[in-house]
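See below for the structure under consideration.
The values are calculated or read from the model by the stated rules, or taken from the named source; none is laboratory data. As the structure is a prediction and not an experimental result, all values here were calculated from the model. Please note: Cβ atoms are built from the backbone with ideal geometry, for glycine as well, and neighbour counts cover all protein chains shown. These accessible areas exclude ligands, DNA and RNA; they are computed on the full protein's heavy atoms, side chains included. Shrake-Rupley method; radii C 1.70, N 1.55, O 1.52, S 1.80 Å.
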Amino acid sequence: MAQVYFKTKPDGRAVFDYYYRSNPFDGGYAIFTGLENVLEILENLKFAESDLNFLKQHGFESAFLDYLKTFRFNGNIRSSREGDVVFPNRPILQVEANIIEAQIIETMLLNLLNFQTLIATKANRIRHSAKNATLLDMGLRRAHATGGYYASRAAIIGGFDGTSNVKAAEDFNISASGTMAHSFIQSYGDELQAFRDFAKVRPKNCVLLIDTYNTLRSGLQNAITVAKEMEEAGEQLLGVRLDSGDLAYLAKQTRKILDEANLGYVKIVASNQLDEYVIKSLKEQGAPIDIYGVGTNLVTGKPDAALGGVYKLSEFNGTPRIKLSENIIKVSLPYKKQVYRILDKNGMFYGADAVAMFTEGAVDYMEHPFDATKNMSLKGFDYEAVLQDVMTEGKKVSPSRTVTEIANYSKSRLEKLPEEYKRFQNPHIYKIGLSAQLKQERDKLVLKHKF
């Protein structure tokens, strides 16, 4: 496509919208994640000589390859802030650039934003179940190859406290945490000696895995022995980990036995196929678990596995563009736009985002995108413009934020979202409406192009 644009309309100016069509996990919201990574890549995007040689082998013409030698992204991006709460069928990010530049970046942008938004949303649902318990990402071994790297980043933004992915922890300046594997204990044959050696070499933040042979009769008893020996050496055992069996029952029994041994400070860590529903159940059963290590179901975004984010052309050389479909939800929105989040008098999200043409400014009335009988007055409400400049002429204009700062921002935004949108079963639907002018212009284009 880029080569054809180069030969036929090299100066075309395009506006693309990034958005998704339905909330992941049948939930009520998503956590927008991955923006900082996209902007960093765009600032440094270029084609190396080896890239050009590869493209030449695939039939690309010399003139186009010469163009790519000096290729840079020089466009503008307006976006929701990373970590914000977002909803379906309204622009989350908008690219305005030369059509060639805007098209070349599509796959990279979709890859990073779709995946990280999915994982951050899953992480936040798990956080919602876990309340104030510590959450650790322990999913790299089951992740989709290198996707586990960005999954760790997204998990922190979604509300996790640390990760077992040491490389991600180093690069993103987040907390690294880990324990031991069953193979460590098996290599000794003697569980007690395995625990003693581990505690001797790693006395700080020491967590012992107690279910290799028998959780309550062997692993826990040996852990108590080592904990007492650590006390004599002026150290404290941090915790014991449960990785199989009836986690609620075992956690209760473990807590009781530890307390009877005057080891009330020793924490209980649980792992093994955890997700938001299992943790919710454990909480409801009163399981005294302090730390949850969540793996496969987090980093694979189970059961959804992918977010249906799309990247659609909405304007070309100042002229609106639309995509039609027999599936009405897939009809795109034309024109360059702004999104306004409606706020109540206390600054809470009122449950509605209004999409308007960029030239309109804030509106005091919005209509349902497809149902003519539904509309909503916005008079008397406060609002905030959601899409802000983050890149101008290929250069970042928004200050960089650490993963921790983004996570804190996300937490503050979620506190403004009423609880009915956070529930797992039948969450309240956040309203997305169009300004009367945008709806009118969209409907005109539908009639114009309809067969």
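Helix 106-130 and the long axis of the chain differ in direction by around 40°, with both axes built from C-alpha atoms. The separation of segment 380-413 from segment 336-368, counted between C-alpha centres, amounts to 17 Å.
Dipole size of the chain about its Cα centre, with +1 on Lys/Arg Cβ and -1 on Asp/Glu Cβ: approximately 940 debye, rounded to the nearest 20. Would you list which lysines come within 17 Å of K122, measuring only between C-alpha atoms, while excluding same-chain residues fewer than 8 positions from it? Output for K122: K131, K280, K302, K411, K422.
Here segment 311-451 is assigned +1 on the Cβ of each Lys and Arg and -1 on the Cβ of each Asp and Glu. Its dipole about the Cα centre then comes out at about 420 debye. Relative to one another, the C-alpha centroids of segment 164-200 and segment 230-270 are positioned 17 Å apart.
A cut-off of 5 Å between modelled amide H atoms, ignoring neighbours fewer than 5 places along the same chain, links V310 with Y19, Y20. Note that segment 68-79 has calculated 3J(HN,Hα) couplings of 5, 4, 10, 5, 9, 7, 10, x, 10, 10, 10, 8 Hz, one per residue in order, obtained from phi through the Karplus relation 6.51 cos²θ - 1.76 cosθ + 1.60 (θ = phi - 60°); glycine and proline are x.
The chain: percent of C-alpha pairs farther apart than 35 Å? Of all Cα-Cα distances in the chain, 41 percent exceed 35 Å. Counting only residues at least eight positions apart within a chain, or on another chain, the lysines with an alpha carbon under 26 Å from that of K7 are K46, K56, K69, K312, K323, K336. With runs of 4+ DSSP H residues as the only contributors, calculate the mean residue ellipticity of the chain at 222 nm using -39,500 (n - 2.57) per run, divided by the residue total and rounded to the nearest 500. Taken over the chain, the calculation gives -11000 deg cm²/dmol.
Close amide H pairs (under 5 Å, H built 1.01 Å from N) link L209 with M180, R241, residues at least 5 positions away or on another chain. When the charge dipole of the chain is built from unit charges on Cβ atoms (+1 for Lys and Arg, -1 for Asp and Glu) and taken about the Cα centre, the candidate among S177, A305, L333 whose Cα reaches farthest toward its positive end is L333. Compared with the rule-of-thumb size 2.2 N^0.38 Å for a compact globular protein, segment 281-358 has a Cα radius of gyration ratio of 1.80.
Across segment 428-444, rounded Karplus estimates of 3J(HN,Hα) from the backbone phi angles (6.51 cos²θ - 1.76 cosθ + 1.60, θ = phi - 60°) give 4, 8, 6, 6, 10, x, 10, 5, 4, 5, 5, 4, 5, 5, 4, 5, 4 Hz, Gly and Pro being marked x.
Taking the Cα centre of segment 114-226 as origin and charging only Cβ (+1 Lys, Arg; -1 Asp, Glu), how large is the dipole, in debye to the nearest 20?
260
In the chain, the DSSP beta bridges split such that about 65 percent are antiparallel, to the nearest 5. Remark on G28: its backbone amide H falls under 5 Å from none of the residues 5 or more positions apart or on other chains, H modelled at 1.01 Å from N.
Among the trypsin sites (Lys or Arg not before Pro) within segment 97-151, those in coil by DSSP and having at most 16 neighbouring Cβ atoms inside 10 Å are K131.
Taken per residue, the accessible surface of segment 298-451 reaches 54 Å², heavy atoms only and a 1.4 Å probe.
In whole percent, what relative contact order does the chain give with Cα contacts below 8 Å and a gap of six or more residues?
Answer for the chain is 22 percent.
Taking only protein heavy atoms and a 1.4 Å probe, the accessible area of the chain is 49% carbon and sulfur.
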